[in-house]
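Q: For reference, the structure I am asking about is given below.
The values are calculated or read from the model by the stated rules, or taken from the named source; none is laboratory data. This is a predicted model, so every value here is computed, not measured. In this analysis, Cβ positions are derived from the backbone assuming ideal geometry, glycine residues included, and neighbour counts consider all displayed protein chains.
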Amino acid sequence: MAQIIDGKAVSASVKEEVAAETAKLRDEHGLKVGLAVVIVGSDPASRVYVNNKKKACEAVGFQSYEYALDESTTQEQLLDLVEVLNRDSRVNGILVQLPLPKHIDEKAVINAISPAKDVDAFHPENVGRIMIGEYSFLPCTPAGVMRLIESTGVDITGKQCVVIGRSNIVGKPQAMLLLQKNGTVTICHSKTKNLKEICLGADILVVAIGRAKFVTGDMIKEGAVVIDVGMDRDENGKLCGDVDFESAEKRAGYITPVPGGVGPMTIAMLMKNTLTAAKQQAGIQ
């Protein structure tokens with residue numbers, strides 16, 4: 001039976017580290033850390049995420065600036081706001097909540113955010129830095145996954161690592177981070193043949209495909225580390241992941257639950273990125 005990787009406990013420890021360092025910055029340098037979150041429209045899931053980010057800012061001692069814009073906001077208006085925030089010295093990190101309304105080009109908005117304030121690490125400059133291993137910020141979910149793997153005490157060096165999913169937000173950067181830790185990495189996707197065989201060879205399996213309970217216990221190597229990035233609903237409307245937890249738990253050595261696994265880590269790593277941005281902008285190591 002697998003050991004459960006407790007994302008709530010690991011994320012709490014990350015937030016404690018950030019809160020301690022934020023207090024130190026304030027006391028020793030008079031520096032306040034500020035995160036601006038922009039939300040366009042009234043998508044219920046986006047509103048929940050924004051509220052959670054605001055609570056996390058309060059918990060670690062950040063200034064939180066929320067910009068809630070109407071659904072009818074034009075792309076030009078949004079880009080103007082991003083430019084104002086780029087120049088605002090109180091704002092160390094800028095996060096534009098995705099998805100945006102259909103009439104706004106997400107790529108144009110991401111590209112408009114200053115790379116120094118891009119705490120989501122979506123800007124092409126920051127993506128390129130991740131590729132060559134010279135990054136300031138990591139995308140929050142893959143960074144959280146790495147912290148969860150680290151919490152198990154399993155050394156990634158030389159391990160067979162399989163990532164299912166090739167999105168720009170999770171799959172691709174996740175593969176790069178595992179590679180930088182000397183894992184031997186395979187990326188799988190919807191066109192991959194012999195997926196079950198590949199998964200059965202994985203010492204570390206990261207699943208991020210958005211299909212409820214897709215990975216089952218018979219696809220998992222005995223004793224593997226299984227990280228479930230999925231956030232889905234099962235046939236009864238109950239929250240679940242991309243991994244069938246019940247069957248996977250019997251085979252894995254370590255496994256993340258859904259909820260309570262990767263989810264809490266994403267916001268914790270956002271706080272860490274914002275702190276890093278503030279320190280860099282102030283020239284503090």
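Q: Let me spell it out: the conditions are (1) in contact (Cβ under 8 Å) with a residue 60 or more places away in the chain; (2) crowded, with 22+ Cβ neighbours inside 10 Å, and residue 254 meets all of them except one. Which number is the exception?
A: Looking at each condition in turn, residue 254 falls short on (2).
Q: Could you grab the pairs with beta carbons closer than 6 Å, sequence gap of 6+ or different chains, first residue in segment 27-48 and assigned to a helix (DSSP H, G or I), second one among the aliphatic types (A, V, I, L, M)?
A: From segment 27-48, the pairs are 46/39.
Q: A follow-up question, please. Taking the criterion of being of a type in the set (S, T, N, Q) and buried (at least 17 other Cβ atoms within 10 Å of the Cβ), would at least one residue in segment 35-43 satisfy it? Step through it out loud before you land on a result.
A: Taking segment 35-43 first, the residues of a type in the set (S, T, N, Q) are 42.
Now drop any that are not buried (at least 17 other Cβ atoms within 10 Å of the Cβ), which leaves none.
Scanning segment 35-43 turns up no residue that is of a type in the set (S, T, N, Q) and buried (at least 17 other Cβ atoms within 10 Å of the Cβ).
Q: So which of 226, 243, 258 ends up being closer than 20 Å to residue 45 by Cα, in the same structural domain as residue 214 (by TED's automatic domain parsing) and at pLDDT 95 or above?
A: Working: 226 fails: closer than 20 Å to residue 45 by Cα; 243 fails: closer than 20 Å to residue 45 by Cα.
Unique residue meeting the criteria: 258.
Q: Collect the residues in segment 136-152 that are over 14 Å from the mean Cα position of the chain (by Cα) and more than 13 Å from residue 7 (Cα to Cα), keeping them in residue-number order.
A: Hit for segment 136-152 is 136, nothing else.
Q: Could you look through segment 97-126, keep only residues that are among the β-branched types (Val, Ile, Thr) and touching a Phe, Trp or Tyr at 6+ places or on another chain (Cβ under 9 Å), and pick out the one that is surrounded by the most Cβ atoms within 10 Å (Cβ to Cβ)?
A: Of the residues in segment 97-126, the ones among the β-branched types (Val, Ile, Thr) are 104, 109-110, 113, 119.
Of the ones still in play, those that are also touching a Phe, Trp or Tyr at 6+ places or on another chain (Cβ under 9 Å) are 110, 113, 119.
On the way: 110: 20, 113: 24, 119: 28.
The qualifying residue surrounded by the most Cβ atoms within 10 Å (Cβ to Cβ) is 119.
Q: Hey, another quick one. Taking residue 100 as the residue in question, decide whether it is at pLDDT 95 or above, farther than 25 Å from residue 263 by Cβ and outside the structural domain of residue 223 (by TED's automatic domain parsing). Full working, then the answer.
A: On the way: at pLDDT 95 or above: yes; farther than 25 Å from residue 263 by Cβ: no; outside the structural domain of residue 223 (by TED's automatic domain parsing): yes.
It is false that residue 100 is at pLDDT 95 or above, farther than 25 Å from residue 263 by Cβ and outside the structural domain of residue 223 (by TED's automatic domain parsing).
Q: Run down 182, 168, 194 and say which single residue is over 16 Å from residue 5 (Cβ atoms), within 19 Å of the chain's Cα centre (by Cα) and surrounded by fewer than 17 Cβ atoms within 10 Å (Cβ to Cβ). Spell out how you get there, then give the answer.
A: Details: 182 fails: within 19 Å of the chain's Cα centre (by Cα); 194 fails: within 19 Å of the chain's Cα centre (by Cα).
So the residue among 182, 168, 194 that is over 16 Å from residue 5 (Cβ atoms), within 19 Å of the chain's Cα centre (by Cα) and surrounded by fewer than 17 Cβ atoms within 10 Å (Cβ to Cβ) is 168.
Per-residue answers, yes or no, for (1) modelled with pLDDT under 95; (2) not polar (S, T, N, Q):
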position	(1), (2)
168	yes, no
194	no, no
201	no, yes
204	no, yes
207	no, yes
212	no, yes
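Q: Here's something else I'd like to know. Within segment 49-90, take every residue that is under 20 Å from the mean Cα position of the chain (by Cα) and β-branched (Val, Ile, Thr) and give me the one that is farthest from residue 114 (Cα to Cα).
A: Of everything passing the filter in segment 49-90, 60 is farthest from residue 114 (Cα to Cα).
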